[in-house]
Structures are given as structure tokens and as C-alpha cells.
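Chemist: Below is a structure I'd like to ask you about.
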Amino acid sequence: MSDPYRARLLARIEELAAEHRDLDRLLEAVLAEAPVDQIRVRRLKKRKLLLKDQIALLRRELDPDVSA
């Protein structure tokens, strides 16, 4: 894997991780509101899960399990 490609992957992982952290803080704020907007909470959680999956995919691409 070329260094520029690896650097782009690492940068993208950091961007996604930052967005994931931001969503975490936003979710906490939304949950602290009364009444809680359950639809918004569901959408935020769905987005967080999508980001987590994208981060995991990129990390596997960086360091594939080559046991086969």
C-alpha cells in the first residue's frame, strides 16, 4: 500500500471519528431535552452506527487480517 494512499485512509478515518464524537455529544444534548425527539434520536444513532461501520471498514483496509 502506497504511503499517500495510507495517509488518505488515515485522514478519512480521523474525519469519520471526529464526526462520530460530534454525534455522540449531539445525542447527549438531544436526550437531555424534554420532550425527547425519538425520531431524531433514532436518526442520530443510525448515523453513528454507519460511521462506526465505515471506520471499521477503512481500518481493515489499512491492516487486513492475512491469516488465509
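Chemist: Can you check what the net charge comes to around L10, using other residues whose Cβ is under 13 Å from the Cβ of L10 (Lys, Arg +1; Asp, Glu -1)?
Modeler: With Lys, Arg at +1 and Asp, Glu at -1, the neighbours total -1.
Chemist: Something else now. Need the list of aspartates and glutamates near K52 for cross-linking: C-alpha distance under 19 angstrom, and skip anything on the same chain fewer than eight residues off.
Modeler: K52 reaches E14, E15, E19, D22, D24, E28, E61, D63, D65.
Chemist: To the nearest 20 Debye, how big is the dipole of the chain about its Cα centre, given +1 on the beta carbon of each Lys and Arg and -1 on that of each Asp and Glu?
Modeler: So the magnitude is around 280 debye.
Chemist: What are the semi-axes of the equivalent ellipsoid for the stretch 21-60, taken as the square roots of 5 times the Cα gyration tensor eigenvalues, largest first, in whole Å?
Modeler: After scaling each eigenvalue by five and taking roots: 24, 10, 4 Å.
Chemist: Roughly how tilted is helix 3-32, in degrees to the nearest 10 and between 0 and 90, from the longest Cα axis of the chain?
Modeler: 10 degrees
Chemist: Go ahead and collect, in residue order, the members of the stretch 33-63 whose backbone nitrogen is under 18 Å from a label point 7 Å along the Cα-Cβ direction of Y5.
Modeler: Under 18 Å, as judged by backbone N against the label point of Y5, lie 57-63 of the stretch 33-63.
Chemist: Where q = 0.17, 0.18, 0.23 Å⁻¹, what log10 of I(q)/I(0) comes from the Debye formula for the chain, counting one point per Cα?
Modeler: The Cα Debye sum returns log10 ratios of -0.67, -0.72, -0.93.
Chemist: With an 8 Å cut-off on Cα pairs and a minimum separation of 6 or more residues, tell me the relative contact order of the chain in percent.
Modeler: 43 percent
Readers should treat all values here as calculations from the given coordinates under stated rules, not as data from a laboratory. Please read all numbers here as calculations on a predicted model, not as lab measurements. Here Cβ is always computed from backbone atoms with ideal geometry, including for glycine, and neighbour counts include all displayed protein chains.
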